[in-house]
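Enquirer: Below is one structure. I have some questions about it.
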Amino acid sequence: MYKALIPLFALIATSVLASDLDKRQVLIVTESQRLHVIEEMGALLSGTQNILAALSKGDMAAVNQYASSLGMSMTIKTEDHLKGVLPKEFMQLGIAVHQDFDKIAADALAIKDPKHSLQQLSESMSKCVACHATYQIRTVKTSLKPASKSNHHEH
Ligand code: HEC
């Protein structure tokens with residue numbers, strides 16, 4: 001009974017040390033994986049800003065264009081590098097945001113109501129808030145790839 005508790009205490013002690021005052025779940029990634037996340041985040045922020053500017057002018061074609069660029073098509077280049085590295089819940093939250101942008105893009109042309117788009121955007125951005133409140137990213141210098149090099153082709 002008591003023996004079973006020791007590993008649990010050891011785990012808690014380790015995670016308290018690792019996260020300091022930041023209580024969010026720590027995701028360990030490599031520098032290049034972190035760069036993929038940062039680049040995607042930059043695109044999400046500037047894309048969202050472009051959508052807001054377009055909405056303020058009632059330019060729904062531009063809303064469609066900027067929102068589609070943040071849709072599922074965006075995940076093809078980034079998410080592949082992160083699959084299996086980041087937890088499933090993290091990936092699903094990210095996918096949900098991209099799906100929201102596809103819906104915002106489609107509705108911008110179909111409904112053409114800036115107020116509707118704004119509501120969709122604000123609902124979607126609660127997912128940005130939720131993810132940022134849940135996770136923090138820390139990097140390791142070494143690669144996290146498996147030791148076996150049999151399938152790995154260096155160029
Ligand atoms: C699935 C999780 C997740 C979602 C969803 C998410 N983010 Fe992030 N975001 C992160 C993480 C993790 C970091 C921290 C990366 C770091 O600092 O190493 C981050 C960092 C950022 C940064 C800082 C980038 C930098 O240059 O340091 C911005 C800006 C940002 N996110 C914007 C957004 C916006 C806007 C949305 C929604 C449209 C969003 N994020 C949705 C996980 C997420």
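Enquirer: Test Ala62 against the stated conditions and say whether it is open to solvent by less than 60 Å² (accessible area, probe 1.4 Å), within 14 Å of the ligand (Cβ to nearest atom) and part of a helix (DSSP H, G or I). So that I can check it myself, show each step before the final result.
Expert: On the way: open to solvent by less than 60 Å² (accessible area, probe 1.4 Å): yes; within 14 Å of the ligand (Cβ to nearest atom): no; part of a helix (DSSP H, G or I): yes.
No.
Enquirer: Given His116, His98, which one is surrounded by 13 or more Cβ atoms within 10 Å (Cβ to Cβ) and without any contact (Cβ under 8 Å) to a residue 12 or more places away in the chain?
Expert: Exactly one of His116, His98 is surrounded by 13 or more Cβ atoms within 10 Å (Cβ to Cβ) and without any contact (Cβ under 8 Å) to a residue 12 or more places away in the chain, namely His116.
Enquirer: Got at least one residue in segment 67-83 being hydrophobic (A, V, I, L, M, F, W, C), out of contact with any helix residue (DSSP H, G or I) (no Cβ under 7 Å at 6 or more places or on another chain), assigned to a helix (DSSP H, G or I) and within 14 Å of the ligand (Cβ to nearest atom)?
Expert: For segment 67-83, residues hydrophobic (A, V, I, L, M, F, W, C), out of contact with any helix residue (DSSP H, G or I) (no Cβ under 7 Å at 6 or more places or on another chain), assigned to a helix (DSSP H, G or I) and within 14 Å of the ligand (Cβ to nearest atom): absent.
Enquirer: Next question, about the same structure. One residue is enough: does segment 36-46 have a residue meeting the conditions open to solvent by less than 40 Å² (accessible area, probe 1.4 Å), under 18 Å from Tyr135 (Cα atoms) and away from the ligand (no atom under 11 Å from the Cβ)?
Expert: There is no residue in segment 36-46 that is open to solvent by less than 40 Å² (accessible area, probe 1.4 Å), under 18 Å from Tyr135 (Cα atoms) and away from the ligand (no atom under 11 Å from the Cβ).
Enquirer: Can I ask one more? Hey, among Met91, Met125, which residue is of a type in the set (A, V, I, L, M, F, W, C), in a helix (DSSP H, G or I), within 14 Å of the ligand (Cβ to nearest atom) and open to solvent by 60 Å² or more (accessible area, probe 1.4 Å)?
Expert: Met125
Enquirer: Pairs needed: first member in segment 39-50, on the phi < 0 side of the Ramachandran plot; second member anywhere, open to solvent by less than 50 Å² (accessible area, probe 1.4 Å) and more than 6 Å from the ligand (Cβ to nearest atom); C-beta distance under 6 Å; at least 6 residues apart or different chains.
Expert: Glu40/Thr78; Gly47/Leu70
Enquirer: Right, something else. Of all residues in segment 51-88, how many are out of contact with any Asp or Glu (no Cβ under 8 Å at 6 or more places or on another chain), closer than 25 Å to Ala133 by Cβ and touching a residue at least 12 places away in the same chain (Cβ under 8 Å)?
Expert: So the answer is 10.
Enquirer: Would you check if Lys115 is over 28 Å from Arg24 (Cβ atoms) and more than 10 Å from the ligand (Cβ to nearest atom)?
Expert: yes
Enquirer: Ala108 is checked against (1) within 14 Å of the ligand (Cβ to nearest atom); (2) assigned to a helix (DSSP H, G or I) and fails just one. What number does that condition carry?
Expert: Every listed condition holds for Ala108 apart from (1).
Enquirer: Further question: If you take the residues of segment 1-29 that are surrounded by 13 or more Cβ atoms within 10 Å (Cβ to Cβ) and out of contact with any Lys or Arg (no Cβ under 8 Å at 6 or more places or on another chain), which of them is modelled with the lowest pLDDT?
Expert: The qualifying residue modelled with the lowest pLDDT is Ser19.
The values are calculated or read from the model by the stated rules, or taken from the named source; none is laboratory data. Owing to the predicted nature of the structure, the values given are computational and were not obtained by experimental measurement. Every residue, glycine among them, receives a Cβ derived from its backbone with ideal geometry; neighbour counts consider all protein chains shown. SASA here: full protein model, heavy atoms, side chains in, ligands and nucleic acids out. Shrake-Rupley method; radii C 1.70, N 1.55, O 1.52, S 1.80 Å.
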